[in-house]
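*Asks:* Mind having a look at this structure? Questions to follow.
The values are calculated or read from the model by the stated rules, or taken from the named source; none is laboratory data. Predicted, not measured: the structure shown is a model, and the values here were computed from it. All Cβ positions, glycine included, derive from the backbone under ideal geometry; neighbour counts span all protein chains shown.
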Amino acid sequence: MGLLGKLFGKQDTLTADNINERIKLGQHFYLMNYSGHYSDFLDGVDNKKKTIAELFVFRAWTTQLGFRLFSSQPTLSEIIIGEVFNQGKLGKGMLSQLEQVDIEIETNEEYGDLVDSRWQAYDKIFIDHKNSETPVPSRQVCGKLTDFCDIKDPVKLMWLCKDFIKHLDTIKQEALKTGLLK
């Protein structure tokens, strides 16, 4: 981009080199207050720490899913998947400090194995139900999350579904703003 483009505010094109500068992935999953954001959902839950650990992995999956769904640039979407995974390794340490939740202790799995198994499970449900009654199978995907958390409350399931859709909408807006989705 030339000097005039920079002076008159024309934004740089999103590239592999500037993806972390232009898209703030951490804001979508690890730079958040889980106890605060999910306070209504966590109210009455027996094992809050395990639930927060599962929510962290779910939000990481939702983040990379959203940037796959709302992208017209598959190469950049693949980079985002890797960045979400790598930033999650850093973020799990922050979660331990801020929320006193150690993902590996709460789930009894190493982070890499946990992310791999959970993301595969969520992807499978999403693919298996993508042609269901709604364009996004939120009930099915969030139902799997509540299974992992051992929560059987239908009101909590509906709350999660709403939060899931809001999160995807936020990602869509960012994808449009950054040029990932044209």
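*Asks:* What is the one condition in (1) within 17 Å of Ala175 (Cα to Cα); (2) not in a helix (DSSP H, G or I) that Thr62 does not satisfy?
*Replies:* It fails just one condition, (2).
*Asks:* Go through region 28-49 and give me each residue that's touching a residue at least 60 places away in the same chain (Cβ under 8 Å), assigned to a helix (DSSP H, G or I) and over 15 Å from the mean Cα position of the chain (by Cα).
*Replies:* The answer is Ser35, Asp40, Phe41.
To keep it simple, each residue is scored yes or no on (1) surrounded by 18 or more Cβ atoms within 10 Å (Cβ to Cβ); (2) within 30 Å of Thr15 (Cα to Cα); (3) under 13 Å from the mean Cα position of the chain (by Cα).
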residue	(1), (2), (3)
Gln100	no, no, no
Glu106	yes, no, no
Ser117	no, yes, no
Pro135	no, yes, no
Ser138	yes, no, no
Asp150	no, no, no
Cys161	yes, no, no
Asp169	no, yes, yes
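*Asks:* So, one more: Could you check Ser71 against (1) touching a residue at least 24 places away in the same chain (Cβ under 8 Å); (2) in a helix (DSSP H, G or I); (3) farther than 30 Å from Gly44 by Cβ and say which number it fails?
*Replies:* (2) is the only condition that Ser71 fails.
*Asks:* Among Ile52, Ile80, which is farther than 25 Å from Asp150 by Cα, in contact (Cβ under 8 Å) with a residue 12 or more places away in the chain and assigned to a helix (DSSP H, G or I)?
*Replies:* Working: Ile52 fails: farther than 25 Å from Asp150 by Cα.
Every option except Ile80 fails the conditions.
*Asks:* Something else about it: For region 121-138, check the following and say yes or no: at least one residue is at pLDDT 95 or above, assigned to a helix (DSSP H, G or I) and over 21 Å from His167 (Cα atoms).
*Replies:* No - not one qualifying residue is present in region 121-138.
*Asks:* Please work out which one of (1) modelled with pLDDT of 95 or more; (2) in contact with a Lys or Arg (Cβ under 9 Å, 6 or more places away or on another chain); (3) over 22 Å from Tyr38 (Cα atoms) is the condition Ile105 fails and give its number.
*Replies:* So the condition that Ile105 fails would be (3).
*Asks:* Does Gly88 satisfy the criteria of being within 22 Å of Phe164 (Cα to Cα) and either in contact (Cβ under 8 Å) with a residue 60 or more places away in the chain or surrounded by fewer than 18 Cβ atoms within 10 Å (Cβ to Cβ) (or both)?
*Replies:* On the way: within 22 Å of Phe164 (Cα to Cα): yes; either in contact (Cβ under 8 Å) with a residue 60 or more places away in the chain or surrounded by fewer than 18 Cβ atoms within 10 Å (Cβ to Cβ) (or both): no.
No.
*Asks:* Filter region 18-43 down to residues that are crowded, with 22+ Cβ neighbours inside 10 Å and aliphatic (A, V, I, L, M) and give me whichever is nearest to Val57 (Cα to Cα).
*Replies:* Leu25
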